[in-house]
1. For the subset of segment 135-165 comprising residues that are in a loop (DSSP other than H, G, I, E, B) and touching a Phe, Trp or Tyr at 6+ places or on another chain (Cβ under 9 Å), which member is least open to solvent (accessible area, probe 1.4 Å)?
2. Failed condition for residue 90, given (1) over 30 Å from residue 203 (Cα atoms); (2) in a helix (DSSP H, G or I); (3) within 17 Å of the chain's Cα centre (by Cα), with all others met?
3. Out of all the residues in segment 37-57, which are surrounded by fewer than 20 Cβ atoms within 10 Å (Cβ to Cβ) and part of a loop (DSSP other than H, G, I, E, B)?
4. Mind listing whichever residues of segment 92-111 are touching an Asp or Glu at 6+ places or on another chain (Cβ under 7 Å) and open to solvent by 20 Å² or more (accessible area, probe 1.4 Å)?
5. Considering only residues that are among the small types (Gly, Ala, Ser), farther than 19 Å from residue 46 by Cβ and in contact (Cβ under 8 Å) with a residue 24 or more places away in the chain, which ones fall in segment 124-170?
6. Would you confirm whether or not segment 3-17 contains a residue that is open to solvent by 40 Å² or more (accessible area, probe 1.4 Å), in a strand (DSSP E or B) and farther than 15 Å from residue 203 by Cα?
7. So in segment 18-36, with the set limited to residues that are in a strand (DSSP E or B) and open to solvent by less than 20 Å² (accessible area, probe 1.4 Å), which one is nearest to residue 136 (Cα to Cα)?
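The values are calculated or read from the model by the stated rules, or taken from the named source; none is laboratory data. Just so you know, these numbers come straight off a predicted model, no measurement behind them. Methodologically, a virtual Cβ is constructed for each residue, glycine included, from the backbone with ideal geometry; neighbour enumeration extends over all protein chains shown. Note: accessible area is taken over every heavy atom of the protein model, side chains too, but ligands, DNA and RNA are not part of it. Shrake-Rupley method; radii C 1.70, N 1.55, O 1.52, S 1.80 Å.
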Amino acid sequence: MIHQKSPELPSLDPGITLLETEERMTGSLQSLVLDQLLLDQGSAIWIDAHGHGTTHPLTRITPSMRVLDRIHIARAFTPWQHQSLVQELTGELSDETAIAVLPALDWFYRSEDLPRGDDERMLSAVTERINELAERFEIPVLLTLQTDDTLTAPIHEIADRTIQCEQTKFGPRFAGEEYETLVYPLENGMVQTTLAYWKRVLANRHPAMVDADVSPEVRANGAY
């Protein structure tokens, strides 16, 4: 009897991790955050941009709805609000914080409402603040970019590591300077970038955390 190897996901060490994904990939960011919380009893502080922190993908992916209670999401609607939320992060982070998440960090600073030059100035200030907080609290900080160009150069400079996630015919592949893994393919014809796919990956990685109301048969198959 052949036993399928448990799927692997990158571990998020203290410091700043920049996650780069292909546009067609869905759920990789949320999966890494949930995996971190399932490995750690702490909470996630999430400053959202461009709708990455909406409840739909998180509830579709998580193997345990209880974990979602530990994700605290703040949403901005303007670049000034986003900058303010980042500046105020000190009051939100604590010894209980397992990860800080700032997706699409550059999104708000591409607004046409910003005067010329304010985009670079404000994003640089935000980047410096994130770097200070990462050093002070020694927690994983997970970032993504909406667009990678000259505006986002300061973000690359503060990143301790970059993880790339791309789609292959065998399944999603995470790769970094010291890390490379294929997230195992599922043998049911499921498209490898769907939320249901990541849901099964997390259920297989954390079977003990699957909600109790899931039937034993479905639990055994690693999906629900």
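1. Going through the qualifying residues, I end up with 145.
2. Only one criterion in (1) over 30 Å from residue 203 (Cα atoms); (2) in a helix (DSSP H, G or I); (3) within 17 Å of the chain's Cα centre (by Cα) is unmet by residue 90, namely (3).
3. 40, 41, 42, 50, 51, 54 - these are the residues of segment 37-57 that are surrounded by fewer than 20 Cβ atoms within 10 Å (Cβ to Cβ) and part of a loop (DSSP other than H, G, I, E, B).
4. Selection gives 110 alone.
5. Passing the criteria: 124, 125.
6. no
7. Result: 18.
Every residue, every condition in (1) out of contact with any Ser or Thr (no Cβ under 8 Å at 6 or more places or on another chain); (2) assigned to a strand (DSSP E or B); (3) open to solvent by 40 Å² or more (accessible area, probe 1.4 Å), yes or no:
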| position | (1), (2), (3) |
| --- | --- |
| 59 | yes, no, yes |
| 68 | no, no, no |
| 73 | yes, yes, yes |
| 81 | yes, no, yes |
| 113 | no, no, yes |
| 120 | yes, no, yes |
| 133 | no, no, no |
